Every structure is written in C-alpha cells, then in structure tokens.
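The values are calculated or read from the model by the stated rules, or taken from the named source; none is laboratory data. Keep in mind that what you see is a predicted model, and the values were worked out from it rather than measured. When we count neighbours, we look across all protein chains shown, and the Cβ atoms used for this are built from the backbone with ideal geometry, even at glycine. With ligands, DNA and RNA removed, areas are computed over all heavy atoms of the protein, side chains included. Shrake-Rupley method; radii C 1.70, N 1.55, O 1.52, S 1.80 Å.
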Amino acid sequence: MKRISIDPITRLEGHGKIDIFLTPEGEVANAYVQVPELRGFETFCVGRPAEDMPNLTNRICGVCPEAHHMAATKALDALFHVDPPPTAKKLRELFYSIFYATDHTTHFYALAGPDFVMGPDAPKEVRNILGIVGKVGMEIAGKVLKMRRDGHYLIKMIGGRPVHPNWGLPGGVSRGINEEQRAEIEKLGRDAVEFAKFSLKLFEDIVLKNPDYVKIVTGDIYLHKTYNMGTVDANNHVNFYDGKIRVVGPDGREHAKYDAKDYREYIAERTEPWSYLKFPYLKKIGWKGFVDGVDSGVYKATPLSRLNAADGMATPLAQTEYERMYDTLGGKPVNHTLATHWARLVELLYATERWVELATDPEITGKEFRVLPTETPTEGVGSVEAPRGTLTHHFWTDERGILTKVNLVVGTTNNNAPINMSVKRAAQSLIQKGKPVNEGLLNMVEMAFRAYDPCFGCATHTLPGRMPLEVTLRGPDGEVIDRLAQNMD
Amino acid sequence: MSDKGKLALYWAASCGGCEIAVLAINEKILDVANAFDIVFWPCVMDGKVRDIEKMPDKGLDLCLFNGGIRNSEQEYMARLLRKKAKVLVAFGSCAHEGCIPGLANMNSRDEIFQFVYKDCPSADNPKGVLPEVETKVSEGTLHLPFFYDTLKTLGQTVDVDYYLPGCPPEPERIWDAITAILTGKLPPPGSVIGAETTVCDECPRKREEKKIKEFKRTWQVIPDTEKCLLEQGIVCCGIATRAGCGALCPQVGSPCIGCYGPNAGVEDFGARMMTAIASVIDSNDPEEIDRIIQEGIPDPVGTFYRFSLAHSSLRRSNRAGNGKPAAKEEAEVSGR
C-alpha cells in the first residue's frame, strides 16, 4: 500500500507525525497522527511534596504553563480540604482570564488568521502573519504585539514569572495585588476588550462577508458529529476557571454534567501501540473506534466544544457574539471544526470582559488572599479549561502531603481521537482516485488539525503562521515516488 | 547567498517555554534576523532536517539547542546538530541540567510505561497494550522513536560549547548571550554564560542572621513580606542558585526553586544546596539536626535536585549501566 508521510519540519516533527495510507486505487485507506514523545510526569512526581505540583507541572507545557499551574493549585485545595478566600479565587480567575486572552490572540493571529485573511489558496509566501499585516495594515501588528506584551507583563506582575509562574498554593496564592497594580490591570483590560471587539469585526469583514469562506467553514470536509465537553458555571455559562463539566451529544442533548472529581466515572483512556499519547473517550457511551455519532464515545474539548456544551456566555458582549454565531451557523450544536476559530474569538471577548469585571471587583485588592490548611491531606482533583481542552489533575498523598499517586488528563489529549479523524477526513476529501495530490492537500490537512490548536503541535504557535510540511509519496517498498513540499524552499 | 551567519534553534525533551522566552525578546528578534539567517527553527519558522543533513560539517555558525535527550530521535538530532554547528549552546535548564523531566531518572522506562499505560486510574487497557517502536497496522507499519531508560543532558550526549541556564532563561539574559556571541566577548568554551553572583544578591528581601530551628513547607506558613524567606524557615534555593532572573519568585512571596542552576564554580547544585542548608541549622546535636531536616525537608532529591538530577553526580537512581544506553538503545540510534 502506498503511504504519504507528512513529516512537518516543525514541532510536529519532534512531537507529532502524520501517515496517510493509500489503497492501490489511490484512495485514502487510513490516516494516523502519531505523538512520538513522552516524559512521564505522572510517575516521577510520586515522592515529591504535593505543594511542588504547580511548579513541576508547569513544565509539561511552556505554552500554557498557567493552565497546569492553576489545575494543580486547585487540586491542592481539594487535597488539603481548604477553601480559598474570595479574593484568592478572584485573583486566580483574573490571572487566568489574562492568560486566556493572550493565548487565544497568539493562536488566532499567528496561526489561524492567515488561512482566512489571506485565503487558503493565496500564494504561500503571503499566507502568514506578515501577509496579514500587508493586507490589513501595520496598525494590526501593533495591536497584536501590544495585546501579547500586556498579557505577559501582567502574568509576570501577578504570578511572578512570564513563563512558569510560581504563585499558587493550597488555600490561595502567595501574593495579592495593590491598588496601583489593580488600576493598571483594569486599564490594560479595557484595551483588551477593544482588541477583542476589533478581532471579531475583522473576522466578520473578512470571513463572514465572503461566501467562499463561509462555504469552507460550513462544508463537509471539516464536519464531525461528536460529543462536546466544557466547563460551565451555575447558569450553564462557559467558565474557564471553575464549575461543572458538561458533555452534550452531537444532537445537542446533555449527556452528563458532573463534578471534576468524578471524572473517572465519565471518561477512560485507551492506548494504541502507535502513539505515546493516550485516547480518552466517554466511558458510558463506550469506545467504538475512530468514528462519529451518538453511539461513539469520541468527544472534543475545544473552544467550540465549550460553547456547544454551554447555554451561553456570562458577559454581555460575548453573549451577543455567541448568539450571532449560532444564528449564522444554523443553531446548536455546531459540528463544523473550522467554526472553532470563531468560537475562540467569542471566548477571547469573554476573557477580556471577565478580566475587567474582576479587575474592578472591590474584593480584588483584599488582603485575605490565603488561608492555611489545617486538615490532613488525602486526595484531590483540580480541573480548569485549558485553552486546548478540559485539564484534570488528580493527586493522592500520605498524611504528610507526599505524593503517592498522580493522574493527569491534559487538554490536547482529549482531542487525540478527533484530531486523527479530522486529518483522515480532510485527506479523504482531497486525495481521490485520478486526482493529483497537490499543495492544496497540505494546507487542507494542516487546517484540519490547526483548528484544535494542538499542544503537541505547538508548531501551531508559529510566527509565519505556516508550518513547513513535506509529503513523501512512497511505494510499497518505501521508495520515494514523489515529494511535495510547502514552505520548504 | 547572504554573508550573514547561519543560526539553528532546536527543541528536544522540553516544554516549549524556551521558545516562548526567545519570542519574548520582542522586536530584538529582528536584530537577530539581521545578524543571522535563521535556517532551522521548527517551532517558529521554515527549515528541514534534510537540508541540515546535507550541510557541510560546521556549516552552521550557531545552534541554540533546548531540551534534554529522552529518546532516539532527540539523540539523532543532537548528534547531527553538533556535527554541523561551529558553536553549540545548551539553551535552558533541560539541555543544561535535565530540568524537571530529569526527575524521571528516579524511575525506569518500564516503571513509567507501567503507570502511564496500565496502572493509571483512568486507563482502559485490559490487554496491556504499550507503545511500540514498530507497529503493524492493516495498511502498513508505523514507527515511534525509542524511549530511553535515562534522560540525558545535551552535555552528556555531545560536546557542548556554552550553557545558558534558566527555566526558561529570562528574555533579557537571552539577549545578553546573543550579544556576547555576536561581539565575540565569550568566556572559555565549556562555560556557563551567566552572572557570577547568586539569586540572593539580587533579592530585595532583608537578610539578617540565618539560624533555623525548624523548616516549614510553603503551605504551612504565610511568610513576612520583607524578610529573607530562608531566615523564616522556608527552603529557598536563592543561596545556591545563579543570578540572572532578578529574584522574581521571592518577590511574589515564593521561594526560589533553583531553575537557574548552581552558582558560578559549582557543578553539583544539590551538594551545594545541602551544604548551605546544613550551615544555617542552629544546632550542634546530630540527632536534632537529623530531625529538623527530616521533618522540614521530606523529599531531599526533589528539593535539592529539582532541576539538576540528570546533570548531578547522582545522575539517576541506582541501576545497571548507570544511565548508559543499553545495547538496544544504541542500535536504535545508529539504525536511524
């Protein structure tokens, strides 16, 4: 059988790899997205003091250390049976909202934007962030850089360091903020809301007003009818920091709503011999293979999933945009993977609105940002919505708080099965009998997994917004029949 | 062809934080682009392993390599880039000392696999499936790199010219290092590019006399905001850690955890830290000293070798071969 190996010369080379197999007739038989890396955090964290976990698990991902820091810190609250004071919870959510706004900005402008702003068929030389600047103007580059610079500056101000913060503790945080800091956070937050509104306007002008793009977004190539997972607050509104995990079916019906601590009743993780990354699925539905539908336990945990799993947004501007998105795309749930980019911008707006709400909360500068645990530590689960999916940390300790067992279900891992399915479907749609494999395939395949912003493909956080990809067409004995490349030379 | 130098950046077993730190030098990245042709940077831009392979030896002027060596593919890349680069820099804590992923050297490959794929409480794996280097699926064969028993630092894998510490290095220190390289103002090969002082020297907290009767864990105490954390009984690693970050963690009320590695002239961070801790304990009674340490520092390896186990003289928990690759691993590497 012929094989197409996509060896991206980017993060995906060291940390991800795609193989597409063709039948003798030249049609796609199957596709595999492999993750060739493992570091073994769950094993080597055993024996460490539990309070080290926010700092140890930061190092799982340098792109979203804030998510691990926060999930671990919340797991410590549960482990030590301590309820942080309101100021602590608000500070954590403020910090987390700033992180979200920063991370979503990077993804949209550096990565997803070029396909839409420049167009999937634009010459590759301009299909990057520099192309966007050229088309939309230098002003936009300044706005994007400011958003990212402000975000990192505030993450460092609040959490101690711009990468790998050192701040979370059971029962609170290690330091609060003063009025001068609060005022600056509020000011930059108001700028961020304007930036988010500008980003949605840009999406409307460039994508929604172009029927060709709307057709791509709503077409069949990127359609997957799977379950959707996300965290919701008491009103079933999207929340990144805390709430219950809600799962809705491809038909929009609620499958489950549960406390993060009960995750093992609802999800399980499979192992395939061809990847170091496990494949979670919904336990009560069961694993039926890499297939869509209400009878398949495959689920997604992405910005679009979070919106599908919720009944709305908790802030006014984001709620308006949420309604507009579903009105435009024909109601809930939306199962078109590419709509994830739109959902990400709705979340960006929510994150910035929440940032301002919290920065103007009278309690945010409170001095009670920490309480000391008094009970013996036992077991605790902490969960947040990482930008790339629901993130769960589960710790067990002895009575001194020394870890005896650790389980981590990480954001992108949730999406391992759907990413494989999306790549296969995109490949099947493009590679057909008698149709030459061209550069378009590469971009279409890339767009299939780029929507997930996969962490193992942090290539997705690229400056040019384009991953160099190489497709090698091999014969049955592995000899190279043809080679195609984009962004290679 | 441009007469600019050729620069490569690569990541192995790391988290991507080093990349984020490089990008955080902001507009100075353009200065880097003016000085170098960036020919290979998987995270951020164009590049191909095939072209690196085709380059003449020493065809790269500079390679900044982050991440430790956890599997056969990473070892292949380390050897390749060493051969091609005139100057190879171990960039960041993982390449320098193994960093947090190096704590896995307390466990074996089998132990890691056993938990992750079989014993893990959310695992569904009744048949005990494990990832394999080669898997036959109905359509063909799939390959994965070989996962080693021991994580090695870059310096334990190939010759390294310079080390840049930090998890990740602060953007300002990255820029300092690039400036040093551009102007040729470099220390002797094999050196760490960094400050000669310690984190304590740049920490604004007030220091008086260190006399510790009891160590406290961070969750057990709300420390005074002005006073030295170590003097308050919190194990702060600033005393043994190289300066460079600006003492960021102590300024938000958290102890230094040692990510910048040992201060100048010290090879084994843990040994230095243990000496420092011993010297501040206010007792001459061996039994009391023992009790103070055991009660307050329940995990000496994780406390003193948090970032440096792979690099340390301990290197890993005691096993046959002491971390040297087994014959099978060697075969995997040479077979690539």
Helices (runs of 4 or more DSSP H) within the stretch B:1-105 that include 2 or more residues in contact with a Gly (Cβ under 6 Å, 6 or more places away or on another chain) and modelled with pLDDT of 85 or more: B:17-23, B:92-97
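Identify all residues within the stretch A:330-373 that are closer than 21 Å to A:LYS201 by Cβ and part of a loop (DSSP other than H, G, I, E, B); write none if there are none. Before you say what the answer is, go through the steps one by one.
At the first step, the residues of the stretch A:330-373 found to be closer than 21 Å to A:LYS201 by Cβ are A:334, A:338-356.
The one that is closer than 21 Å to A:LYS201 by Cβ and part of a loop (DSSP other than H, G, I, E, B): A:VAL334.
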From A:TYR263, A:TYR326, A:TYR299, residue being of a type in the set (Ser, Thr, Tyr) and open to solvent by 10 Å² or more (accessible area, probe 1.4 Å): A:TYR326
Meets criteria (charged (D, E, K, R) and more than 26 Å from A:TYR100 (Cα to Cα)) for A:ARG253: yes
Of all residues in the stretch A:26-48 being within 7 Å of another protein chain (Cβ to nearest Cβ) and not in a loop (DSSP other than H, G, I, E, B), the one that is surrounded by the most Cβ atoms within 10 Å (Cβ to Cβ): A:PHE44
Single residue of the stretch A:420-471 satisfying the filter (in a loop (DSSP other than H, G, I, E, B), open to solvent by less than 30 Å² (accessible area, probe 1.4 Å) and within 20 Å of A:ILE216 (Cα to Cα)) that is modelled with the lowest pLDDT: A:GLY465
Matching entry among A:GLY171, A:GLY142, A:GLY151 (being small (Gly, Ala, Ser) and at the interface with another protein chain (Cβ under 9 Å from one of its Cβ atoms)): A:GLY171
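Yes/no matrix, rows are residues, columns are (1) under 18 Å from the mean Cα position of the chain (by Cα); (2) open to solvent by 20 Å² or more (accessible area, probe 1.4 Å); (3) closer than 23 Å to A:PHE44 by Cα; (4) not aromatic (Phe, Trp, Tyr):
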position: B:GLN232; (1), (2), (3), (4): no, yes, no, yes
position: B:CYS245; (1), (2), (3), (4): yes, yes, no, yes
position: B:LEU248; (1), (2), (3), (4): no, yes, no, yes
position: B:VAL252; (1), (2), (3), (4): no, no, no, yes
position: B:ILE281; (1), (2), (3), (4): no, no, no, yes
Residue satisfying all of: in the stretch A:225-260; part of a loop (DSSP other than H, G, I, E, B) and touching a helix residue (DSSP H, G or I) at 6+ places or on another chain (Cβ under 8 Å); most open to solvent (accessible area, probe 1.4 Å) among these: A:ASP242
Residues of the stretch A:78-87 satisfying the condition of being within 15 Å of A:ARG182 (Cβ to Cβ) and touching a strand residue (DSSP E or B) at 6+ places or on another chain (Cβ under 7 Å): none
Matching option when the condition is at pLDDT 85 or above, outside any loop (DSSP other than H, G, I, E, B) and facing chain B (nearest Cβ under 9 Å), among A:LEU91, A:LEU56: A:LEU56
Members of the stretch A:252-266 that are touching a residue at least 60 places away in the same chain (Cβ under 8 Å) and under 15 Å from A:ASP295 (Cα atoms): A:GLY252
Residue list for the stretch B:15-34, restricted to those being within 27 Å of B:ILE69 (Cβ to Cβ) and of a type in the set (Asp, Glu): B:GLU19
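Looking at this structure, is A:ALA78 crowded, with 24+ Cβ neighbours inside 10 Å and modelled with pLDDT of 95 or more?
On the way: crowded, with 24+ Cβ neighbours inside 10 Å: no; modelled with pLDDT of 95 or more: yes.
No; evaluated as a whole, the condition is false for this residue.
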The stretch B:214-226 residues that are in the same structural domain as B:CYS237 (by TED's automatic domain parsing) and in a loop (DSSP other than H, G, I, E, B), paired with ones that are modelled with pLDDT of 95 or more and of a type in the set (S, T, N, Q) (beta carbon under 6 Å, 6 or more apart): B:PRO223/B:GLN232
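Which residues, counting only those in the stretch A:347-370, are crowded, with 16+ Cβ neighbours inside 10 Å and either in contact with a strand residue (DSSP E or B) (Cβ under 9 Å, 6 or more places away or on another chain) or free of Cβ contacts under 8 Å to residues at least 12 places away in the same chain (or both)?
A:GLU347, A:TYR350, A:PHE369, A:ARG370
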